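These notes concern the structure reproduced below.
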Amino acid sequence: MARILVIDDELDIVRQVVKILSARGHDVDTGRDGLDGLARVQADPPDVLVVDANLPGLDGIELVRRIKADPATKHVPVVLMSATYLSLGDGPAADEYVVKPFVREVLVKNVERLLKRSA
């Protein structure tokens, strides 16, 4: 069982992601904004971070940049979710990307691929 942190300000999306990943046996915690997410990752890095690109306060793209720039958290695998177009050349160094609205199987495969890679 992996510890997964989901950061998204859309409650419906959070509920869906928690339901999907919890059903796979994972322990899922949630946060609602980028600053909260950054603090949680720094305090107790999860096995995988699932984060929305568009968050209040500190957006998800900057959150990923800060996590990947910090030697203490750069190892945390990140799935970045976005409902808008992202240019991968300009975007953060997320490990996987999921387009919203997402397909359940795509989210699960991306998360579990990262868990296997980091095991």
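The values are calculated or read from the model by the stated rules, or taken from the named source; none is laboratory data. These figures come from a predicted structure and were not determined experimentally. Here the Cβ positions follow ideal geometry from the backbone for every residue, glycine too, while neighbour counts run over all protein chains shown.
Might you check whether a residue that is buried (at least 18 other Cβ atoms within 10 Å of the Cβ) and more than 12 Å from the chain's Cα centre (by Cα) occurs anywhere in segment 4-12?
So far as segment 4-12 goes, no, none of its residues is buried (at least 18 other Cβ atoms within 10 Å of the Cβ) and more than 12 Å from the chain's Cα centre (by Cα).
Inspect segment 41-48 for any residue being hydrophobic (A, V, I, L, M, F, W, C) and either modelled with pLDDT under 95 or closer than 17 Å to Lys109 by Cα (or both) and give the result as yes or no. Please lay out each step first, then the result.
Taking segment 41-48 first, the residues hydrophobic (A, V, I, L, M, F, W, C) are 41, 43, 48.
In the following step, the residues that additionally are either modelled with pLDDT under 95 or closer than 17 Å to Lys109 by Cα (or both) were identified as 48.
Yes: segment 41-48 contains one or more residues that are hydrophobic (A, V, I, L, M, F, W, C) and either modelled with pLDDT under 95 or closer than 17 Å to Lys109 by Cα (or both).
So is Ala72 modelled with pLDDT of 95 or more and among the small types (Gly, Ala, Ser) or not?
It is true that Ala72 is modelled with pLDDT of 95 or more and among the small types (Gly, Ala, Ser).
Being touching a helix residue (DSSP H, G or I) at 6+ places or on another chain (Cβ under 7 Å) and in contact (Cβ under 8 Å) with a residue 60 or more places away in the chain is the filter here, so list the residues in segment 38-85 that pass it.
Result: Asp47, Val48, Val50.
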